[in-house]
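Trainee: Here's a structure for you.
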C-alpha cells in the first residue's frame, strides 16, 4: 500500500509554535476549523454514515491502519514518551485493534432495534428502542495514552454512525502528527478529520457546537470543556484523572501484590489515569511491601532504571517539574528519588511516612511516584477513601473475600479491581469511566456505541381496538379509571393477560 502523504511541515510547526507560546492555534486557522465541521455536518446530513456497510468499511480501515503502521506508532510513542515497544503495543495498539474487531463482530446486533416490555394497553403494538447516531462529535485525546484515547472513542463514534473530529494532545507531538497524517489516508475524508489545537484553545473549538464532546484528561481541563459545552447544551463524556486508592491487606501474597502494583504504577513512567495513585496499608505491612516493591523494581529495570530500555520518561518539562516538586515536598523517599531534568527522568520512587495533608495527596500523580500511607484496619481505610473525591479506579489486594467485598460495596469509584491493577480499564466488555469528580459517562465496546447514540423510543400503533383505548377519553369516570389503571400496570396479572392475548 502507498505511504500516506506528509502534511505541510511549515503548517504543522507553525501551529505547535503558536500553541507553546500562548497564541491560540484556533485563531491561526479559524476558517479551517469551521470548514472541517461544516464538511462533516454536510456529510452526516447526507446520510453518508448511516449504512452498516459504510461503518464496517471504516472500522476495517482502522484495523488496517494499526497493522500497516505499527512501527510508525511505536516510533512516535518512543519519541514522545520514551515508551518501550512492549508497552506501546500492549497498552495502545492492541487495545485499539481489539476495540475495532469487537465492533466489527457486533455491529449488526448493536444496530438492531431492541424490543421492550409491554403492558396490556400496548400488548398488540410494537414497542422498541432504535439507536440513531448523534451527528458530528468532537474527541479530545490525552498525552498519557495519546493513540488509544483518540482512537478507541473514535471507533465507538464510527460504529454508532457519526462523523467525528479528533484532537490529539499537543504534548505528544509525534503521535499527533502521525494521526494527522494517517487518518485522512485511511478514513473517509468528508466524515473524519484531525485538528491540531492547543489545550487552551479546546473550549473555543467546543463552542463551535458539536453533537457530543468526548474528553480524556485532567479535572481542571475537563471542567473548562464541560463549561464550554454547556453554553450550547452539548452533551459530554469526561474521563478524568483522580487519586486512585490501592488498599493492601495483611492477608495477601505480598510478592505477587508488589509485582502487580509496581507494573501498574511505573509502566509508561507512571503516566496513566488508571494507575494506583497511593497505597493504604497497615503499619506492619509497610516494611514488607516496600522491600518487595524494591525487589520488583530491580527485577523490572535493573540497578539503574535510567539505563533500562523498559523505562519511560516524562512527556515534557512542565509535568516533570510538577512531579519533582511534589516528590521533594512529600513524605520520605524509601526507594528511588533521583531526577535528571535534561532527560525528563524521574526514577521509580516510593514514598513512606506520607500524611494526608502532603502536597502529593492533594494532586493527581501523573508520574512514577508511589506514596504509602498507613491505616490501622479496613474500617480506617474505607473511611479514608470515602473522605476523598470519588476516584476513577479503586484497587484492593487481599486473600480475604470479606475484605474485598467490603471495599467494593462500601466505597464508590468509576471501576474496581481486586488483586490486580489497570486490567479492568483494558477490557472491551467492561464500561470504563468515572463518577462524580472523576468523570461522567463511560465507553469501551457496546458502551462506546451507546455513548455516541441516541436511543429513540418508538411506539408503533394501529387504529384498531378503539373499544379499549376509549377509556382514556373524557368525560372521566371512576370505573374507566380503574380499568385504565389495571391495563397500564405491569403486574403478574396483566402480564398473564398479555400472554393469553
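The values are calculated or read from the model by the stated rules, or taken from the named source; none is laboratory data. Bear in mind the structure is a predicted one, so any value in this text is a computation, not a measurement. Counting neighbours? That spans all protein chains shown, and the Cβs are built from the backbone with ideal geometry, glycine included.
Trainee: Failed condition for residue 233, given (1) more than 19 Å from the chain's Cα centre (by Cα); (2) in the same structural domain as residue 358 (by TED's automatic domain parsing), with all others met?
Mentor: Among (1) more than 19 Å from the chain's Cα centre (by Cα); (2) in the same structural domain as residue 358 (by TED's automatic domain parsing), residue 233 violates only (2).
Trainee: Considering only residues of the stretch 270-293 that are touching a residue at least 40 places away in the same chain (Cβ under 8 Å) and assigned to a helix (DSSP H, G or I), which is nearest to residue 423 (Cα to Cα)? So that I can check it myself, show each step before the final result.
Mentor: Narrowing the stretch 270-293 to residues touching a residue at least 40 places away in the same chain (Cβ under 8 Å): 270-283, 286, 289-290, 293.
Within this subset, residues satisfying the condition of being assigned to a helix (DSSP H, G or I) are 270, 283, 286, 289-290, 293.
On the way: 270: 15, 283: 28, 286: 24, 289: 21, 290: 23, 293: 19 Å.
Taking the candidates together, the pick is 270.
Trainee: Would you confirm whether or not the stretch 316-332 contains a residue that is under 25 Å from residue 416 (Cα atoms) and outside any loop (DSSP other than H, G, I, E, B)?
Mentor: No, the stretch 316-332 contains no residue that is under 25 Å from residue 416 (Cα atoms) and outside any loop (DSSP other than H, G, I, E, B).
Trainee: Which of the following residues is in contact (Cβ under 8 Å) with a residue 24 or more places away in the chain, touching a strand residue (DSSP E or B) at 6+ places or on another chain (Cβ under 9 Å) and in a helix (DSSP H, G or I): 425, 421?
Mentor: On the way: 421 fails: in a helix (DSSP H, G or I).
Result: 425 is the single residue among 425, 421 that is in contact (Cβ under 8 Å) with a residue 24 or more places away in the chain, touching a strand residue (DSSP E or B) at 6+ places or on another chain (Cβ under 9 Å) and in a helix (DSSP H, G or I).
Trainee: In the stretch 342-366, what residues are closer than 25 Å to residue 288 by Cβ and part of a loop (DSSP other than H, G, I, E, B)?
Mentor: Hits for the stretch 342-366 are 347, 348, 353, 354, 355, 356, 358, 365.
Trainee: Let me ask another. Looking at the stretch 367-382, which of its residues are in a helix (DSSP H, G or I) and out of contact with any helix residue (DSSP H, G or I) (no Cβ under 8 Å at 6 or more places or on another chain)?
Mentor: 379, 380, listed by residue number.
Trainee: Out of the residues in the stretch 338-379 that are surrounded by fewer than 17 Cβ atoms within 10 Å (Cβ to Cβ) and free of Cβ contacts under 8 Å to residues at least 24 places away in the same chain, state the one that is nearest to residue 414 (Cα to Cα).
Mentor: The residue in question is 362.
Trainee: Go through the stretch 120-141 and give me each residue that's in a loop (DSSP other than H, G, I, E, B) and surrounded by fewer than 24 Cβ atoms within 10 Å (Cβ to Cβ).
Mentor: The answer is 123, 124, 125, 134, 135.
Trainee: Taking the stated definitions as given, is residue 184 surrounded by fewer than 24 Cβ atoms within 10 Å (Cβ to Cβ), touching a helix residue (DSSP H, G or I) at 6+ places or on another chain (Cβ under 8 Å) and not assigned by TED's automatic domain parsing to the domain that holds residue 365?
Mentor: So residue 184 does not fit the description; no.
Trainee: Within the stretch 172-267, which helices (runs of 4 or more DSSP H) (wholly inside it) include 3 or more residues that are more than 30 Å from residue 71 (Cα to Cα) and at pLDDT 95 or above?
Mentor: Working: elements: 173-186, 202-206, 219-230, 254-266.
Counting at least 3 such residues, we get 219-230, 254-266.
Trainee: Right, here's the next one. Within the stretch 294-310, can you find the residues that are over 28 Å from the mean Cα position of the chain (by Cα) and assigned to a loop (DSSP other than H, G, I, E, B)?
Mentor: Answer for the stretch 294-310, where residues must be over 28 Å from the mean Cα position of the chain (by Cα) and assigned to a loop (DSSP other than H, G, I, E, B): 302, 303, 304, 308.
Trainee: Let me ask you something else. Pairs please, first residue from the stretch 467-494 and in a loop (DSSP other than H, G, I, E, B), second anywhere and at pLDDT 85 or above, Cβ atoms under 7 Å, 6+ apart in sequence or on different chains.
Mentor: Pairs found: none.
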